[in-house]
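The values are calculated or read from the model by the stated rules, or taken from the named source; none is laboratory data. Just so you know, these numbers come straight off a predicted model, no measurement behind them. Heads up, the Cβs are rebuilt from the backbone with ideal geometry, glycines too, and the neighbour counts pull from every protein chain shown.
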Amino acid sequence: MKTLVYFASGNYQEVYQKLHVDKIFLIDDCFKRRIKTNTKIENVGNVTCIGMDCLEAVDYLKQQNVKIDYFVSLNEGLYEGGGRYAINSDTFIGYAMPLFKDKYIHIMNKEYYNKRYNVSMDLPYRIEELDTSSREYISPFVFSKAKYHEGHAKVFRMQRINDSISIDLGLKINLTIKHNSIWNDYDELDLLVITFLPNGTEDFFKSQGKVINLRKNNLNAIFRYCKFNKISKMGITPWRKGNYKEFIETLQKYEYEYPKEIILYHLNKDDYNGIKNLC
C-alpha cells in the first residue's frame, strides 16, 4: 500500500484520484472552513482532506498509524498565505520523521524559500534525485502549476541512515551522538531538550509534554531539573553557538546520580563536530 501526504496542500484537485497510490492525505487550514463536520476531516474517493495545522496533522497521522511513501510540500503560503514555519525546515521534518518509511519519495522546491528560511535538506538520509524515467517519479506539476517550480521542483528518493556514536571520555553519564530525529525516540526519553526557533511553534512543542526549550533554560538549570526530578534518559538537540567544550567539562565534573544517559540528536551531518573532535 502506497500513501502520499501533501502538507499545506491547498484545495482538493480531481487529478489526485488518478495518481498510482492507494491513499492520499491533503493537509491544509483551508479545509477548516469548507468541511462541515466537527472533525474537519472529509473523504473524497481515496483522498482524505484534513483541516488542521500541519504540526497538529502529524499527531493525527501518527494516531492513524500512517506511514508515508510520498511526502509533498510545494506551495506553503509562507509569503502570502499566513504560513508560520517552513514545511521543509529541520523543525517540521524532524517532527514528522516518525511518519516516514525507511525509504520514501520527497517532492519539494528548495528555491521556494528564497534564503529567507533555513531549509538545507541536510538530513540523515541518502538522497538521490529522480527523473521521469523512474517508476517512482510523480511530477511536481501534478500538485502545482506555478511557473516558479519550473527547473526547481525536485523529486528525491530518500533512504534512512542510522548512525550513532558512543562517546567514551570516562564520564559518569553515558553519552551518545545519534544522527537521527529526537522525535523518533520520544517514547524512550524522559526529557527532550530542544532549541525552539522564534517561529510560533514553541507552544505546540511544549504541549507535547516532557519538553524543555534550551533557548530559555541554560544547561546548568536543566541538569538541576534532572537531578531533582530523577530524569534518567535525556535527549538534546544542537544548540546554536553551543560551547561543547564547556558542556563536556561540565559532564566530567558531574557527580550526581541523574541523568544517567544523555543522547545528542542531530539532523545535519556536521553537528556536534566539536564533541567528535574531542574524542
*Looking only at the range 227-241, decide whether some residue is modelled with pLDDT under 85, in the same structural domain as Y186 (by TED's automatic domain parsing) and more than 24 Å from the chain's Cα centre (by Cα).*
no
*Just need a number here: residues in the range 143-167 that are of a type in the set (D, E, K, R) and part of a loop (DSSP other than H, G, I, E, B).*
2
_Filter pass, D131 being outside any strand (DSSP E or B) and either under 27 Å from N180 (Cβ atoms) or touching a helix residue (DSSP H, G or I) at 6+ places or on another chain (Cβ under 6 Å) (or both)_ = no
*Residue check: is S207 closer than 22 Å to Y60 by Cα and at pLDDT 95 or above?*
no
*Filter result for the condition that a residue is closer than 25 Å to D53 by Cα and not β-branched (V, I, T), over E136, E111*: E111
*Residues of the range 1-20 satisfying the condition of being surrounded by 18 or more Cβ atoms within 10 Å (Cβ to Cβ) and either aliphatic (A, V, I, L, M) or out of contact with any helix residue (DSSP H, G or I) (no Cβ under 7 Å at 6 or more places or on another chain) (or both)*: T3, L4, V5, Y6, A8, S9, Y12, Y16
*Restricting attention to the range 10-40, and to residues there that are modelled with pLDDT of 90 or more and of a type in the set (V, I, T), which single residue is farthest from L99 (Cα to Cα)?*
V15
*Quick one: would you say E188 is outside the structural domain of P98 (by TED's automatic domain parsing) and within 26 Å of I87 (Cα to Cα)?*
yes
_strands (runs of 3 or more DSSP E) wholly inside the range 10-119 that include at least 1 residues being farther than 27 Å from I161 by Cβ, acidic (D, E) and without any contact (Cβ under 8 Å) to a residue 40 or more places away in the chain_ = 41-44
